[in-house]
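The values are calculated or read from the model by the stated rules, or taken from the named source; none is laboratory data. Every value quoted in this text rests on a predicted model; they were computed, and no experiment measured them. Virtual Cβ from ideal backbone geometry, glycine too; neighbours counted across all protein chains shown.
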Amino acid sequence: MAKDYNVLAKSIVELVGGEENVVSLAHCVTRLRFKLKDVSLAKTEEIKKLNGVLKVMEAAGQYQVVIGTDVGDVYDIILKTTHITAAGVAQASAAETAADTTPAEKQKLSAVLIDTISGIFTPFLGAFTGAGLLKGFMVLFVTLGVLDKSTTTYAILNAAGDGVFYFLPIFLAYCAGSKFGAKPFISMAIASALVYPNITALFSATDPIAVDFFGIPVHMISYTSSVLPIIAACFVQAKLEKLLNRVIPKMLRGIFIPVLDLLILVPLTFIVVGPVTDILGNGLSTIIEAGMHLCPPLGGFLMAALWPVMIIFGIHWAFVPIALNNLAVLGYDYLLPLTVGCNFGIAAACLAVFLKTKNKELKEIAGPDVISALIGGVTEPAVYGILLKFKKPMMIVCLVNGIGGAICGIFNVTRNVQMSVNLLTIPAIWAVYGPWGVVAIVVSFVGSFVLTWLFGYSDKMLEKESK
């Protein structure tokens, strides 16, 4: 049964001084953000004692009441039952998001980085999860013979499942732009240029075309499903807009800032940001390849252990062209088989959280994430929604997956065909990867589940998060 937030909503409004004391109300991922006429009228200590309120603070000129993940429900009721003006959905800053989970004096760069990434991905986790589940069910239906890949029905459903991943930069643009304080719809316009069909065609052309911008050579990469380029571009956009706001008169900003954003940032992303992030991904793949030649167990461990981290930043895609090239030149690939157990390790950690927690909201997140990873082979919802949020499961998965990767390295696990890796393809994995590939899967799944159950998660983490 859905929770009744009417009493909480009514009490909050009364204790902030009544609706006549509220100029406007917005909310972010966890907070109600009131703009009050007179803050002194708000009864802070009484609000803190309300059942459902986690804490109260004043920041950024706002009176903020931290509710948690149910904030949207309370926000909607307040708007329905009062005449308070809605200011919409706001994005919490990285520092604020971190402050919701950890005391300010203990903040570290790594914590802020993780919380920033989570804040960027959290708003569209529902779309991620839905698309992942749809892809999983499609794999199941094709395997059972219910759905034929050659039909237009499959093509339509495949577009529904793949669209969010293909156009991922556009989703990221809105969230990252909001997070960094840039104009989010301009961020989306920049991202749209990255995945524009003619641009995609320049990268994928059979006969590559020399691309330049006013004589400056442009190194083309694939921006579909990419992560780092648009996040970096949005960060630069926020800095650029602050600069432009200082030098452009207010009455002209609405005209010149959007066009200058596009004129400067789109070419900059193609010429600098994209290639630099591509170098990062290729550099990591080169290091792992070198490790495979020098010490296969070490290379296998690094590849599999870092795989969830690479998923976070989207640089795991850098290994796909290398793997395809290996298949074309060598007749087999030895890199991606090292990660054969990774999807299963990620799914197992989420399964442990799902079975162990008594929190209904967390179960609603973790359950679909397990199915998405196990059947669909789509792990992003699990990584962003569970592993990264609680951190310990992330460390456990990285460690155990690394052990599975080391096993694959020691026993020279390879594959001679490109194939999906999920629960339904285990018989094919046995045939293509060999028995040690299946052993790596078992190690990743069992190890991640047991260690997450014993050491990686307890509901006390939710209690700490709410303090």
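Filtering Val340, Val353 for residues that are in contact with a Phe, Trp or Tyr (Cβ under 8 Å, 6 or more places away or on another chain), among the β-branched types (Val, Ile, Thr), in the same structural domain as Ile407 (by TED's automatic domain parsing) and under 29 Å from Gly299 (Cβ atoms) leaves a single hit, Val340. Are any of the residues in the range 329-343 without any contact (Cβ under 8 Å) to a residue 24 or more places away in the chain and under 27 Å from Gly283 (Cβ atoms)? Within the range 329-343 (the criterion being without any contact (Cβ under 8 Å) to a residue 24 or more places away in the chain and under 27 Å from Gly283 (Cβ atoms)), the answer is yes, since at least one residue qualifies. One residue alone among Trp436, Trp453, Trp430 is hydrophobic (A, V, I, L, M, F, W, C) and free of Cβ contacts under 8 Å to residues at least 12 places away in the same chain, and that residue is Trp430. For the range 35-54, which positions are more than 21 Å from Asn6 (Cα to Cα) and surrounded by fewer than 13 Cβ atoms within 10 Å (Cβ to Cβ)? Correct list: Lys37, Asp38, Ser40. Pairing each residue of the range 277-288 that is acidic (Asp, Glu) with any residue that is at pLDDT below 80, provided the two are 6+ apart or on different chains, yields C-beta distances under 9 Å for Asp278/Ile315; Asp278/Ala318.
Screening Ser24, Ser40, Ser11 for residues that are of a type in the set (Ser, Thr, Tyr), at pLDDT 85 or above, more than 25 Å from Thr116 (Cβ to Cβ) and touching a helix residue (DSSP H, G or I) at 6+ places or on another chain (Cβ under 9 Å) leaves exactly one candidate, Ser11. Cβ-Cβ contacts under 7 Å between residues 6 or more apart (or on different chains), taken from a first residue in the range 355-366 that is within 14 Å of Asp70 (Cα to Cα) to a second residue that is assigned to a loop (DSSP other than H, G, I, E, B), are listed as Asn359/Asp459; Glu361/Thr69. Scanning the range 412-454 for residues that are touching a strand residue (DSSP E or B) at 6+ places or on another chain (Cβ under 7 Å) and of a type in the set (A, V, I, L, M, F, W, C) yields one hit, Val432.
Considering only residues in the range 199-226 that are over 31 Å from the mean Cα position of the chain (by Cα) and small (Gly, Ala, Ser), the one that is surrounded by the fewest Cβ atoms within 10 Å (Cβ to Cβ) turns out to be Gly215.
Condition check ((1) touching a strand residue (DSSP E or B) at 6+ places or on another chain (Cβ under 7 Å); (2) farther than 19 Å from Gly447 by Cα; (3) surrounded by fewer than 23 Cβ atoms within 10 Å (Cβ to Cβ); (4) aliphatic (A, V, I, L, M)) across all residues:
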{"position": "Trp307", "(1), (2), (3), (4)": "no, no, no, no"}
{"position": "Asn326", "(1), (2), (3), (4)": "yes, yes, yes, no"}
{"position": "Thr339", "(1), (2), (3), (4)": "no, no, no, no"}
{"position": "Ala348", "(1), (2), (3), (4)": "no, no, no, yes"}
{"position": "Glu361", "(1), (2), (3), (4)": "no, yes, yes, no"}
{"position": "Glu380", "(1), (2), (3), (4)": "no, yes, no, no"}
{"position": "Leu387", "(1), (2), (3), (4)": "no, no, no, yes"}
{"position": "Gly404", "(1), (2), (3), (4)": "no, no, no, no"}
{"position": "Ile410", "(1), (2), (3), (4)": "no, no, yes, yes"}
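It is to be established whether one or more residues within the range 179-187 are aromatic (Phe, Trp, Tyr), over 22 Å from Pro381 (Cβ atoms) and buried (at least 20 other Cβ atoms within 10 Å of the Cβ). Yes: one or more hits. Considering the range 396-444 alone, what residues qualify as being part of a helix (DSSP H, G or I) and polar (S, T, N, Q)? The answer is Asn401, Thr425, Ser444.
A search for C-beta distances below 6 Å between a residue of the range 51-76 that is under 18 Å from Glu14 (Cβ atoms) and any residue that is at pLDDT 85 or above and basic (Lys, Arg), counting only pairs 6+ apart in sequence or on different chains, returns Val56/Lys48; Gln64/Arg33.
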